[in-house]
Amino acid sequence: MAKGFVEIDSLCRDIVKDAGAGIFKPVYLLMGDEPYYVDMVCDAVIENCLDESERDFNQTICYGADVDADTVVTAARRYPMFADRQLVVVKEAQMMKTLEELAVYCQKPLESSVLVIAMHGSSADKRKSLYKTVSKMGVVVDSQALRDYEMPKWISMFYQSKGLRIAPDAAALLAEYAGTDLNKIAIETVKMLKNLPE
């Protein structure tokens with residue numbers, strides 16, 4: 001594992017915070033075996049990049065199986081209409097046959113465009129130009145699956161980020177019940193919070 005989950009968690013929380021403040025990089029490459037952080041960053045960028053009224057003309061969300069690199073680059077090279085920026089999101093990008101060709105756009109991305117390349121359960125080849133280019137020009141989130149023994153610590157950290165505390169033995173029990181599925185733990189925590197008094 002190149003980066004520990006603490007570093008990935010911190011990076012993703014910083015990206016989400018920046019997105020909330022209207023600060024965006026031109027390109028995001030979100031990848032890895034663990035979809036929790038990929039979804040967290042992708043959702044934050046989609047939610048904060050454009051106002052509701054700007055989305056009709058300036059937001060393009062597509063899926064890797066349905067598009068090629070030319071279509072994505074053409075969308076990203078358009079100028080925004082009645083907005084400061086436009087957003088292009090490619091979900092399930094690992095399905096694109098021409099994914100690596102996006103590196104040409106990523107070398108000189110438009111300042112008025114935000115491109116999000118989201119890969120689920122897969123990673124870009126770190127030896128190739130797409131990964132290297134996005135590392136220089138944008139942000140790469142490489143979210144690897146956590147090991148069983150890392151889960152109690154992650155659960156404690158997650159609860160702390162929500163303003164909660166959990167006993168170490170309770171975190172271990174939750175980890176044993178939920179396994180290494182971070183989305184499941186996040187969903188169950190939200191359900192629990194709705195049922196707890198203030």
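The values are calculated or read from the model by the stated rules, or taken from the named source; none is laboratory data. Because the structure is predicted, anything quoted here is derived from the model rather than measured. Because the Cβ atoms are built from the backbone with ideal geometry, glycine has one as well, and the counts that use them run over all protein chains shown. To get the accessible areas, we keep the full protein, side chains included, count just its heavy atoms, and leave off ligands, DNA and RNA. Shrake-Rupley method; radii C 1.70, N 1.55, O 1.52, S 1.80 Å.
A few remarks follow.
- Computed from backbone phi, the HN-Hα couplings of the range 44-50 come to 5, 5, 4, 5, 9, 5, 10 Hz, rounded to whole numbers (Karplus: 6.51 cos²θ - 1.76 cosθ + 1.60, θ = phi - 60°; Gly and Pro given as x).
- Translational diffusion coefficient of the range 35-175 (Stokes-Einstein, Kirkwood radius from Cα pairs, 37 °C, 0.692 mPa s): 194 µm²/s.
- Per-residue HN-Hα couplings for the range 7-16 [Karplus 6.51, -1.76, 1.60; θ = phi - 60°; Hz; x = Gly/Pro]: 5, 5, 4, 5, 4, 5, 5, 5, 4, 4
- Accessible area in square angstrom per residue, the range 111-198, 1.4 angstrom probe: 60 Å²
- In order along the range 142-148, the phi-based Karplus estimate (6.51 cos²θ - 1.76 cosθ + 1.60, θ = phi - 60°) of 3J(HN,Hα) comes to 10, 9, 8, 5, 7, 7, 3 Hz; Gly and Pro are listed as x.
- Close amide-amide hydrogen proximity is noted between Val140 and Leu29, each under 5 Å apart and 5 or more residues distant or on a separate chain (H modeled in the peptide plane; Pro and chain starts excluded).
- Surface composition of the chain: carbon plus sulfur atoms contribute 51% of the solvent-accessible area (1.4 Å probe, protein chains only, all chains present).
- With every protein chain in place and a 1.4 angstrom probe, the accessible-area ranking of Asp142, Asp181, largest first, reads Asp181, Asp142.
- Once you divide the Cα radius of gyration of the range 30-103 by 2.2 N^0.38 Å, the number left is 1.13.
- Sorted on the mean count of surrounding Cβ atoms within 10 Å across their residues, most packed first, peptides 69-79, 120-130, 39-49 read 39-49, 69-79, 120-130.
- Expressed to the nearest 5 percent, the antiparallel share of DSSP beta bridges inside the range 9-166 is 5 percent.
- Each peptide in 167-173, 30-36, 155-161 gets a packing score, the mean of other Cβ atoms within 10 Å over its residues, and the list from highest to lowest is 30-36, 155-161, 167-173.
- Distance between modelled label sites at Thr71 and Glu150, nm, 7 Å Cα→Cβ extension: 3.4 nm
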